[in-house]
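Just passing along the structure, written as structure tokens.
The values are calculated or read from the model by the stated rules, or taken from the named source; none is laboratory data. If you're wondering where the values come from, they're calculated on a predicted model, not measured in any experiment. Note that we place each Cβ from the backbone using ideal geometry, even for glycine, and neighbour counts take in every protein chain shown.
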């Protein structure tokens with residue numbers, strides 16, 4: 001495997017450190033003890049996360065709080081679970097059920113171009129023809145269309161929180177621009193793969209600033225289902241988000257914080273999305 005294109009690389013095995021100095025990302029090769037962990041998310045039996053950490057660096061991400069990682073360093077490190085495809089092959093012999101790929105990390109973040117752990121895991125899933133649900137913000141998922149198409153039961157969710165690429169770059173700095181994500185949805189639908197769009201988390205004053213266009217563009221992509229969820233603020237999360245430059249705008253910060261403190265804000269936003277989906281002929285459901 002040639003890694004020097006993106007990372008300086010050491011062949012010392014598990015624990016070896018690679019880094020992408022241009023983006024300030026540290027990547028470590030590690031081993032894990034299990035591939036499939038039980039999931040409490042609706043519709044999923046197991047969670048599969050080929051990586052720990054995520055390069056996308058979304059400032060609203062709940063994962064560091066779930067994993068008890070330092071939020072200030074989120075987006076600056078990734079652990080590649082090098083043995084996860086081998087473990088997955090063994091576990092699929094006895095574990096059956098819907099596998100959620102990417103529940104606390106994006107399985108198609110940039111480092112996947114180097115290690116292909118998600119692709120290698122998909123090969124094992126295809127071998128078993130196990131059901132799978134993939135969630136990503138990345139256009140890299142297109143690479144695996146032919147592989148994914150071999151599965152009898154599979155869906156791919158593409159997260160879109162705003163149609164404004166410029167604003168998205170402030171909240172999701174290393175993720176594929178949303179305009180491109182809509183094109184990805186279209187390509188997946190053209191390939192006959194079941195898709196949905198995750199409108200979540202709903203970012204106050206961002207996601208709800210032009211919901212009509214957002215839902216309309218999702219419908220135009222050929223996607224027939226939308227899943228929505230509000231921003232779930234964990235302890236310390238709001239303070240960490242405030243460090244982002246987008247909150248230097250005091251009017252935005254005031255409006256954002258006011259929305260977060262409202263018990264009804266997200267319910268009203270989700271109701272509006274549901275209404276727009278009904279008008280566009282899209283199925284709608286709450287994420288959690």
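Could you check region 106-126 and list, in sequence order, the residues that are assigned to a loop (DSSP other than H, G, I, E, B) and either surrounded by fewer than 20 Cβ atoms within 10 Å (Cβ to Cβ) or out of contact with any helix residue (DSSP H, G or I) (no Cβ under 6 Å at 6 or more places or on another chain) (or both)?
Taking region 106-126 and keeping what is assigned to a loop (DSSP other than H, G, I, E, B), we get 106-111, 116.
Result: 106, 109, 110, 111, 116.
With the structure loaded, tell me whether residue 276 is in contact with a helix residue (DSSP H, G or I) (Cβ under 9 Å, 6 or more places away or on another chain), in contact (Cβ under 8 Å) with a residue 24 or more places away in the chain and at negative phi or whether it fails that test.
Details: in contact with a helix residue (DSSP H, G or I) (Cβ under 9 Å, 6 or more places away or on another chain): yes; in contact (Cβ under 8 Å) with a residue 24 or more places away in the chain: yes; at negative phi: yes.
Yes: the conditions hold for residue 276.
For residue 10, state whether it is more than 25 Å from residue 123 (Cβ to Cβ), in contact with a strand residue (DSSP E or B) (Cβ under 8 Å, 6 or more places away or on another chain), modelled with pLDDT under 90 and assigned to a loop (DSSP other than H, G, I, E, B).
yes
Within region 40-67, count every residue that is closer than 22 Å to residue 24 by Cβ and over 15 Å from the mean Cα position of the chain (by Cα).
So the count comes out to 2.
If you don't mind, another one. Condition test on residue 35, is it in a loop (DSSP other than H, G, I, E, B), touching a residue at least 40 places away in the same chain (Cβ under 8 Å), crowded, with 21+ Cβ neighbours inside 10 Å and in contact with a strand residue (DSSP E or B) (Cβ under 7 Å, 6 or more places away or on another chain)?
Spelling it out, residue 35 is indeed in a loop (DSSP other than H, G, I, E, B), touching a residue at least 40 places away in the same chain (Cβ under 8 Å), crowded, with 21+ Cβ neighbours inside 10 Å and in contact with a strand residue (DSSP E or B) (Cβ under 7 Å, 6 or more places away or on another chain).
Among the candidates 80, 69, single out the residue that is modelled with pLDDT of 95 or more and outside any helix (DSSP H, G or I). Explain how you work it out, then say what you get.
Values: 69 fails: modelled with pLDDT of 95 or more.
Just a single option satisfies the conditions, and that option is 80.
(1) over 24 Å from residue 138 (Cβ atoms); (2) surrounded by 13 or more Cβ atoms within 10 Å (Cβ to Cβ); (3) out of contact with any strand residue (DSSP E or B) (no Cβ under 7 Å at 6 or more places or on another chain): which one isn't true of residue 267, the others all being true?
Unmet for residue 267, out of (1) over 24 Å from residue 138 (Cβ atoms); (2) surrounded by 13 or more Cβ atoms within 10 Å (Cβ to Cβ); (3) out of contact with any strand residue (DSSP E or B) (no Cβ under 7 Å at 6 or more places or on another chain): (2).
Are any residues in region 83-95 in contact with a helix residue (DSSP H, G or I) (Cβ under 6 Å, 6 or more places away or on another chain) and assigned to a loop (DSSP other than H, G, I, E, B), and if so, which ones?
Of everything in region 83-95, just one residue is in contact with a helix residue (DSSP H, G or I) (Cβ under 6 Å, 6 or more places away or on another chain) and assigned to a loop (DSSP other than H, G, I, E, B), namely 92.
Of all the residues that make up region 270-288, how many are part of a loop (DSSP other than H, G, I, E, B) and either at pLDDT below 95 or surrounded by 15 or more Cβ atoms within 10 Å (Cβ to Cβ) (or both)?
Let us first name the residues in region 270-288 that are part of a loop (DSSP other than H, G, I, E, B), namely 281-282, 287-288.
If we keep only those that are either at pLDDT below 95 or surrounded by 15 or more Cβ atoms within 10 Å (Cβ to Cβ) (or both) too, we end up with 282, 287-288.
Residues flagged as part of a loop (DSSP other than H, G, I, E, B) and either at pLDDT below 95 or surrounded by 15 or more Cβ atoms within 10 Å (Cβ to Cβ) (or both) within region 270-288 amount to 3.
While we're looking at this one, here's another question. Looking at 238, 211, 271 in this structure, which one is within 24 Å of the chain's Cα centre (by Cα) and free of Cβ contacts under 8 Å to residues at least 12 places away in the same chain?
Working: 238 fails: free of Cβ contacts under 8 Å to residues at least 12 places away in the same chain; 211 fails: free of Cβ contacts under 8 Å to residues at least 12 places away in the same chain.
The conditions single out 271.
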